[in-house]
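**Q** One structure coming up, written as structure tokens, with questions to follow.
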Amino acid sequence: METFINEEDYSHFYSLFQDMENVNVNNTTKKRRRKDSDSGNKDETKKNALKEILTSLVLLDEQEKQEETQWVMESQQDKDFLESNNKQTSQAMIDYYSQLQNDYSELELADTLRTKRSRRSAFATAAVAATADNGGSSSPPPLQPTASGAGGQQHHRRLWVKDRSKDWWDQHNHPDFPDEEFRRAFRMSKATFNMICEELESVVTKKNTMLRDAIPVRQRVAVCIWRLATGEPLRLVSKRFGLGISTCHKLVLEVCAAIRSVLMPKFLQWPDDNRLKMIKDEFELISGIPNVGGSIYTTHIPIIAPKVNVAAYFNRRHTERNQKTSYSITVQGVVDPKGVFTDVCIGWPGSMPDDQVLEKSALTQRAQMGLLKDVWVVGNSGHPLTDWVLAPYTHQNLTWCQHAFNEKIGEVQRVAKEAFARLKGRWSCLQKRTEVKLQELPVVLGACCVLHNICEIRNEEADPELKFELFDDEMIAENGLRSVSSVQARDQIAHDLLHHGQAGTRYR
């Protein structure tokens, strides 16, 4: 039996299915809306995060710029402070040196007046004594012993001349005296000594007086050279040459002044263009570095503690080495490849570093006037790198190229060091504290440099026994880089030396 369902019976199924479909559609719509909402939220979150990152980068960049600006300002302030401090120090040193010269001039004037008064008093006493010896006569005492009266009594010049032995000098001055022994005594041959005497004769010669005969030129020059060569005390020099101590001291200063005025213009001058070209060529053969016009070095000469501004002459490095208080003055010199001085700067206090001595020298003034174009003067680590001073690299962790460059700089510097070693070895007065006054010492040191040049030019070999070992610790200059262009020039020279096979330490 079949049963049929009419439309009224299953109409409620249609409504049920329709309701379920509506529910499904609503659920699907809600899911899509939720999905779209979640997707929109994620995009918004990403955008916000990106904005935050960009904002942070901008802030960091701005902060970095502010820090860089602040660093530049602080660096400029430090630089200005250092320059101001350096200028103040330099001005203070110049003022001090000027005051020192004035003080010494006043002391020298006082000593001169005192000496004149003493001489007038001695002259008056001598005149009275001479008058008494001559029986009341107003005539001066005889120059030679004379016989008078029945007993043939002699009147001697007891006051004017003291008998001293001159045997040592007479022996060395004899024409037959061996040249080798003369060279050992005076650090030069007879021929060189004779040339110096001939050059100085017109300036050193003195006339005879009614009281005594003038000291011969050869003996005057010999007293000075012997004193410089040996550094003997004046009392021993006096005994050797048969002269008074004060006379020997006076002769040394007079002859040194004559050497400075007569011989220095001939034997110690900055080279002319032709000579400078020869010097450049010779230095290039030694080191491979082009346009080197000289090697510069600064040494110290010990002195007795001065009476004025002692601290300025205090030498800390020598004090630490010798374990006793040491004072000194500086001698800066530029030499050619043969060790001949072409420029010297003498007399600055021993506490000054090498770069400050260089700054105050006439060599720097010559450079500032543009007279040292296309010329390098090779220094050490104590000198600054400038447009005309070539100094070695001083920082840590040098490259192969920089190390090779420093080796070549050292070869040029060795020429100057050996020249100063021969200078001090040949003239022993430079090795120990001298009796010469501080204000008179530059003249004596200048004479030693001139005599050194004469001996070097005339190929006077230094005695091996007189070899002297230099001790002058190098102090790295406070401001070692003074020119950007010089830094580039030095780097180029170092590069050329290494890659053209001239540095001696080529890459393999």
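**Q** Looking at Arg212, Arg220, which one is in a loop (DSSP other than H, G, I, E, B), among the basic types (Lys, Arg) and touching a residue at least 12 places away in the same chain (Cβ under 8 Å)? Walk me through it before giving the result.
**A** Values: Arg220 fails: in a loop (DSSP other than H, G, I, E, B).
Testing whether each residue is in a loop (DSSP other than H, G, I, E, B), among the basic types (Lys, Arg) and touching a residue at least 12 places away in the same chain (Cβ under 8 Å) leaves just Arg212.
**Q** Let me ask another. Can you run down the residue pairs with Cβ atoms below 6 Å, 6 or more apart or on separate chains, where the first is in the range 371-390 and touching a residue at least 60 places away in the same chain (Cβ under 8 Å) and the partner is buried (at least 21 other Cβ atoms within 10 Å of the Cβ) and of a type in the set (Asp, Glu)?
**A** Partner pairs satisfying both residue conditions: Gly382/Asp354; His383/Asp354; His383/Asp355; Pro384/Asp355.
**Q** Among the numbered criteria (1) loosely packed, with under 15 Cβ neighbours inside 10 Å; (2) at pLDDT 95 or above, which one does Pro233 miss?
**A** (2)
**Q** If the requirement is being among the polar types (S, T, N, Q) and not in a loop (DSSP other than H, G, I, E, B), which of these qualifies: Asn380, Asn406, Asn397? Full working, then the answer.
**A** Numbers: Asn380 fails: not in a loop (DSSP other than H, G, I, E, B); Asn397 fails: not in a loop (DSSP other than H, G, I, E, B).
Among Asn380, Asn406, Asn397, only Asn406 is among the polar types (S, T, N, Q) and not in a loop (DSSP other than H, G, I, E, B).
**Q** Considering only the range 373-402, state which residues are β-branched (Val, Ile, Thr) and exposed (fewer than 15 other Cβ atoms within 10 Å of the Cβ). Let's see the steps before the verdict.
**A** Taking the range 373-402 as the starting set, the residues that turn out to be β-branched (Val, Ile, Thr) are 375, 377-378, 386, 389, 394, 399.
Scanning the range 373-402 gives a single hit, Thr399.
**Q** Being touching a Leu at 6+ places or on another chain (Cβ under 7 Å), surrounded by fewer than 23 Cβ atoms within 10 Å (Cβ to Cβ) and under 26 Å from Ser189 (Cβ atoms) narrows it down to one residue among Arg426, Arg422, Arg458; which is it? Full working, then the answer.
**A** Numbers: Arg422 fails: touching a Leu at 6+ places or on another chain (Cβ under 7 Å); Arg458 fails: touching a Leu at 6+ places or on another chain (Cβ under 7 Å).
The match here is Arg426.
**Q** Turning to a different aspect of this structure: Could you count how many residues in the range 242-262 are of a type in the set (A, V, I, L, M, F, W, C) and touching a Ser or Thr at 6+ places or on another chain (Cβ under 9 Å)? So that I can check it myself, show each step before the final result.
**A** Pass one, the range 242-262, residues of a type in the set (A, V, I, L, M, F, W, C): 243, 245, 248, 251-253, 255-259, 262.
With the extra rule that they be touching a Ser or Thr at 6+ places or on another chain (Cβ under 9 Å), the set shrinks to 245, 248, 262.
Residues in the range 242-262 being of a type in the set (A, V, I, L, M, F, W, C) and touching a Ser or Thr at 6+ places or on another chain (Cβ under 9 Å): 3 in total.
**Q** Give the number of residues within the range 335-370 that are free of Cβ contacts under 8 Å to residues at least 12 places away in the same chain and of a type in the set (Gly, Ala, Ser). Explain how you work it out, then say what you get.
**A** Residues of the range 335-370 free of Cβ contacts under 8 Å to residues at least 12 places away in the same chain: 364-365, 368-370.
Now restrict to residues that are of a type in the set (Gly, Ala, Ser): 370.
Within the range 335-370, residues that are free of Cβ contacts under 8 Å to residues at least 12 places away in the same chain and of a type in the set (Gly, Ala, Ser) number 1.
**Q** Right, another one. Going through Leu441, Leu385 one at a time, which residue ends up being touching a strand residue (DSSP E or B) at 6+ places or on another chain (Cβ under 6 Å), closer than 23 Å to Gln365 by Cβ and either assigned by TED's automatic domain parsing to the domain that holds Glu284 or at pLDDT below 95 (or both)? Talk me through it step by step, then tell me what you get.
**A** Details: Leu441 fails: touching a strand residue (DSSP E or B) at 6+ places or on another chain (Cβ under 6 Å).
Sole residue among the options that is touching a strand residue (DSSP E or B) at 6+ places or on another chain (Cβ under 6 Å), closer than 23 Å to Gln365 by Cβ and either assigned by TED's automatic domain parsing to the domain that holds Glu284 or at pLDDT below 95 (or both): Leu385.
**Q** OK, next. Within the range 198-209, track down each residue that is in a helix (DSSP H, G or I) and either among the polar types (S, T, N, Q) or touching a Phe, Trp or Tyr at 6+ places or on another chain (Cβ under 9 Å) (or both). Working first, answer last.
**A** Going residue by residue through the range 198-209, those that are in a helix (DSSP H, G or I) are 198-204.
Hit for the range 198-209 is Ser202, nothing else.
**Q** In the range 281-293, how many are crowded, with 22+ Cβ neighbours inside 10 Å, in a helix (DSSP H, G or I) and not aromatic (Phe, Trp, Tyr)?
**A** Matching residues across the range 281-293 total 1.
**Q** All but one of (1) among the hydrophobic types (A, V, I, L, M, F, W, C); (2) buried (at least 22 other Cβ atoms within 10 Å of the Cβ); (3) over 16 Å from the mean Cα position of the chain (by Cα); (4) under 29 Å from Arg260 (Cβ atoms) hold for Phe405; which doesn't?
**A** Result: Phe405 fails condition (4) only.
**Q** Looking only at the range 301-335, count every residue that is in contact with a Leu (Cβ under 9 Å, 6 or more places away or on another chain) and either surrounded by 13 or more Cβ atoms within 10 Å (Cβ to Cβ) or not assigned by TED's automatic domain parsing to the domain that holds Phe283 (or both) and tell me the total. Steps first, answer last, please.
**A** Residues of the range 301-335 that are in contact with a Leu (Cβ under 9 Å, 6 or more places away or on another chain), as a first pass: 301-304, 306-309, 312-313, 329, 331-334.
Narrowing the set further to residues that are either surrounded by 13 or more Cβ atoms within 10 Å (Cβ to Cβ) or not assigned by TED's automatic domain parsing to the domain that holds Phe283 (or both) leaves 301-304, 306, 308-309, 312-313, 329, 331-334.
Going through the range 301-335 one residue at a time, the tally reaches 14.
**Q** Would you mind stating whether Ile296 is outside the structural domain of Glu199 (by TED's automatic domain parsing), in a helix (DSSP H, G or I), in contact (Cβ under 8 Å) with a residue 24 or more places away in the chain and under 23 Å from Val375 (Cβ atoms)?
**A** no
**Q** In this structure, is Pro265 in a strand (DSSP E or B) and over 16 Å from Val377 (Cβ atoms)? If you could, list the steps in order and put the result at the bottom.
**A** Working: in a strand (DSSP E or B): no; over 16 Å from Val377 (Cβ atoms): yes.
So Pro265 fails the test.
**Q** Could you tell me which of the residues Glu474, Glu440, Glu465 is without any contact (Cβ under 8 Å) to a residue 24 or more places away in the chain and either among the aromatic types (Phe, Trp, Tyr) or farther than 20 Å from Gly293 by Cβ (or both)?
**A** Details: Glu474 fails: without any contact (Cβ under 8 Å) to a residue 24 or more places away in the chain; Glu440 fails: without any contact (Cβ under 8 Å) to a residue 24 or more places away in the chain.
After ruling out the rest, the residue left standing is Glu465.
**Q** Let me ask something else. Give the range 308-318 a look and list any residue that's modelled with pLDDT of 90 or more and of a type in the set (Val, Ile, Thr), or say none.
**A** Within the range 308-318, just Val310 meets the criteria.
**Q** Same structure, new question: Residues in the range 327-348: is at least one at pLDDT 95 or above, among the acidic types (Asp, Glu) and part of a strand (DSSP E or B)?
**A** yes
The values are calculated or read from the model by the stated rules, or taken from the named source; none is laboratory data. In this text the structure is predicted, and so the values were computed from the model without any measurement. Cβ coordinates were reconstructed from backbone atoms using ideal geometry, including for glycine residues, and neighbour counts include every protein chain displayed.
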